Amino acid sequence: MAAGEPEGPRGDRKPGSAGEAGERLQRGRAAMKLLRGDGGTGPALVALALWPLLAPGAQAVEPISLGLALAGAAASAALTGVGLFSYPGFFCYFTECCLQKPRAELETVLRKDLDKKLFGQPLAKKVIVKSVPGFLNNPNPKKPLALSLHGWTGTGKNFVSKIIAESIYEEGLKSKYVHQFVSTLHFPHFQNLTQYKDQLQMWIRGNVSNCARSIFIFDEMDKMHAGLIDSIKPFLDYYEELDGVSYRKAIFLFLSNAGAEKITEVALDFWKSGKNRDDMKLKDLEQLSVSVFNNKNSGFWHSSLIDRHLIDHFVPFLPLEYKHVKMCVRVELKSRGYVVDEDIVTQVADEMTYFPKEERIFSNKGCKTVCTKLDFYL
Ligand SMILES: Nc1ncnc2c1ncn2[C@@H]1O[C@H](COP(=O)(O)OP(=O)(O)OP(=O)(O)O)[C@@H](O)[C@H]1O
C-alpha cells in the first residue's frame, strides 16, 4: 500500500468479508436487491416495517424479526416507491459504519468482558472500564483519548486492545476503523525516519478525515525509534481542528514493555508483604510515567507526548502468577472444545518458567506460550 492512503499499514485487511458481519452484509445485499423495487404507498408504512432496524440497539435484531421487518418493508416499498436508502442507520445494519454513538450499555459490556476474560489485571481493568466508555459518551471531547499500556510480555496488552476494539466495532481489529502499527514491521529502518514521520501523519489524517472515531494501536512502542511518535503530537493535543480535521474523537493506544521492571518491583513488594494485588492503587505506580520518559528504549524517551501531558493514562499490566497461568490454560482448553483436565492444567503451568530466580512467582512469558505448550498434551 502506498504511503498516504487513508487505511495505512493495515489497509490490506478489508472488512466485511469474514465472520458474522460478513454474512450479515451478504444477507443485506440480497435484501437490498429485493427492496430496490418499485414504489407504492406511505413512507410511514416503510418506517413502521423498518422500525426494528432503525431503532437504537438495532444490531441486536433477531433473524426472525429481521425477516419480518424486511418482508414488511419490501411490501411497503413496493407500494410506496419510497427509497429505503434515504433512512439513516439503514446501511449500517448491513455494512460497517464509523461509530456515531456508542451502545448505551458499553461500560457494562466492557466490564463483563474484562471480568470474564482478563486475569490478574485489576488496575488495567479499572482504568479501561472507566476511561473508554467515558470518552466515547462525551460528544465533544477536548482531545483524543490516549492510553499507554505497559507491562511484561504476555500479560494481556494486545488482548485488551482487541477487547476494546471489539467493544466499539463489531469486527474488532479487522474493522476498517481500527489501525494497528507494529514498530518492527512498519517502521523498521532508522534511516527512513523522516519518511515514516510523513507517512504516519498522512495515514492518521486520512483515516480520521474518513472516520472521527478511528482507533490507532501502536504495538512495540519500546522498539520504536526515538522521535517518531512525536510526529503525531499535534493530533493528540487540545486543538479544535488542524487543517480542517478534528482529531478529538479518535482513540490512541500505545503498547510497550517499557516500565515492566518498575511494575514488577511494585508487584513483588506487594506479594512479599502478603497483600492482594486487587488492593493495589494506581498511586502505587505513579512513577511509571517517569520511568518510561527516562528510558532510552521506551519509544517515549524524552517524548513531548509525556512532557506535555498528552497521555491520559499510563495503564500498568502486572506480571502474571502461577494461578493466572492455570486460568489461561483452562480457557485455552475450553476454547478448543476439551473438558478441563486439571492434571493437564498443572503440567502446562509447571512447564512455564517463573521469576525472580529465588521466589519463582511471576511467569516469564505471562500466558503467551500457553497455547503452544498445550499442544504437547492434546
Ligand atoms: N491477563 C491475561 N488474562 C487472560 N489471558 C491473557 C492475559 N494475558 C495474556 N493472555 C493470553 O495470552 C495471549 C498473549 O497475550 P498478549 O499478546 O495480550 O500479551 P502482550 O502483553 O501484548 O505481550 P507482548 O508485550 O509480548 O506483546 C493473549 O492472546 C491471551 O490469550
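The values are calculated or read from the model by the stated rules, or taken from the named source; none is laboratory data. None of these values were measured; they are calculated from a predicted model. Note that each Cβ is placed from the backbone with ideal geometry, even for glycine, and that neighbours are counted across all protein chains shown.
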Review point. For segment 177-225, what are the residues that are in contact with a strand residue (DSSP E or B) (Cβ under 8 Å, 6 or more places away or on another chain) and of a type in the set (D, E, K, R)?
Key: R205, R213, D219, E220, D222
Review point. If you take the residues of segment 159-169 that are within 11 Å of the ligand (Cβ to nearest atom) and farther than 19 Å from V292 by Cβ, which of them is surrounded by the most Cβ atoms within 10 Å (Cβ to Cβ)?
Key: I163
Point to revise | Residues located in segment 137-158, provided they are among the polar types (S, T, N, Q) and more than 16 Å from the ligand (Cβ to nearest atom) | key: N137, N138, N140
Check your understanding: Which one is farthest from the ligand (Cβ to nearest atom) among residues in segment 117-136 that are in contact with a helix residue (DSSP H, G or I) (Cβ under 7 Å, 6 or more places away or on another chain) and free of Cβ contacts under 8 Å to residues at least 40 places away in the same chain?
Key -> P133
Revision key, fill the gap. Among the residues of segment 283-335, the number that are more than 16 Å from the ligand (Cβ to nearest atom), touching a residue at least 40 places away in the same chain (Cβ under 8 Å) and of a type in the set (D, E, K, R) is 3
Review point. Taking the condition surrounded by fewer than 22 Cβ atoms within 10 Å (Cβ to Cβ) and either in the same structural domain as S291 (by TED's automatic domain parsing) or at pLDDT 95 or above (or both), does P144 pass?
Key: no
Review point. Right, A258: within 15 Å of the ligand (Cβ to nearest atom) and not in a loop (DSSP other than H, G, I, E, B) or not?
Key: no
**Study point:** Test set (1) away from the ligand (no atom under 16 Å from the Cβ); (2) at pLDDT 95 or above; (3) at positive phi - G172 fails condition number
**Key:** (1)
Practice item. Mind listing just one residue for me: the one in segment 175-184 that is within 19 Å of F159 (Cβ to Cβ) and at pLDDT 95 or above and, of those, nearest to the chain's Cα centre (by Cα)? Key: V178
Point to revise | Residue that is away from the ligand (no atom under 16 Å from the Cβ) and under 21 Å from the mean Cα position of the chain (by Cα), where the choices are F252, F270 | key: F252
